[in-house]
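Reviewing the structure listed below.
The values are calculated or read from the model by the stated rules, or taken from the named source; none is laboratory data. Remember, predicted model here, so these are calculated numbers, not experimental data. Cβ: placed from backbone, ideal geometry, glycine included. Neighbour counts: every protein chain shown. We work out accessible area using only protein heavy atoms, side chains counted, and drop any ligands, DNA or RNA first. Shrake-Rupley method; radii C 1.70, N 1.55, O 1.52, S 1.80 Å.
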Amino acid sequence: PAPTAAEAPAAGPPAQALPACAISEDTRQKYVLIEVRRGEQVRHLVRGNRYAPYHLDVATPTLDQLKASAEPQLTYEVLGGGRIIHSPENKRVEVFGHSYGFPWQGEFRHDLAAAVIKEAYPAFEVTTSNEGY
């Protein structure tokens, strides 16, 4: 017999409900840039975590949420990663470096991450660099 609604696994929140930017406050941290696609729609998510020992640890919670959303035609991938220095006192966010776990394919796309961060923190200066680790 098919599972009843009460027995069926619950779907997670829709991908559109996930915040575009979720980074730790006032610290240096690892970050990843995730591209989410549904048909022709493309959305970028930035995730940073000061406590994550590896970039995979930054990405996993959001990747799990996307998987749990079980939305038809939803695809997603980690485009790459690096570091963020978030300085609320100076109203500044620096995006830079690279990830060994999620290396950029081709050119670095810190510009996409910076655009997402700038939307979440419009009063902040957001800078990018391909240098550093």
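The residues of region 17-56 that are in contact (Cβ under 8 Å) with a residue 24 or more places away in the chain and among the charged types (D, E, K, R), listed by number, are Glu25, Asp26, Arg28, Lys30, Glu35, Arg37, Arg38, Arg43, Arg47, Arg50.
So, of the residues in region 86-121 that are closer than 15 Å to Glu25 by Cα and either assigned to a loop (DSSP other than H, G, I, E, B) or of a type in the set (Val, Ile, Thr) (or both), which turns out to be farthest from the chain's Cα centre (by Cα)? Across region 86-121, the extreme among qualifying residues is Lys91.
Any residue that is open to solvent by less than 70 Å² (accessible area, probe 1.4 Å), free of Cβ contacts under 8 Å to residues at least 40 places away in the same chain and within 19 Å of Leu63 (Cα to Cα) - is there at least one of those in region 107-125? Within region 107-125 (the criterion being open to solvent by less than 70 Å² (accessible area, probe 1.4 Å), free of Cβ contacts under 8 Å to residues at least 40 places away in the same chain and within 19 Å of Leu63 (Cα to Cα)), the answer is no, since none of the residues qualifies. Scanning region 82-113 for residues that are within 14 Å of Thr127 (Cβ to Cβ) and touching a helix residue (DSSP H, G or I) at 6+ places or on another chain (Cβ under 6 Å) yields Val93, Val95. Count of region 26-85 residues, restricted to those that are at pLDDT 95 or above, open to solvent by less than 70 Å² (accessible area, probe 1.4 Å) and part of a loop (DSSP other than H, G, I, E, B), is 1.
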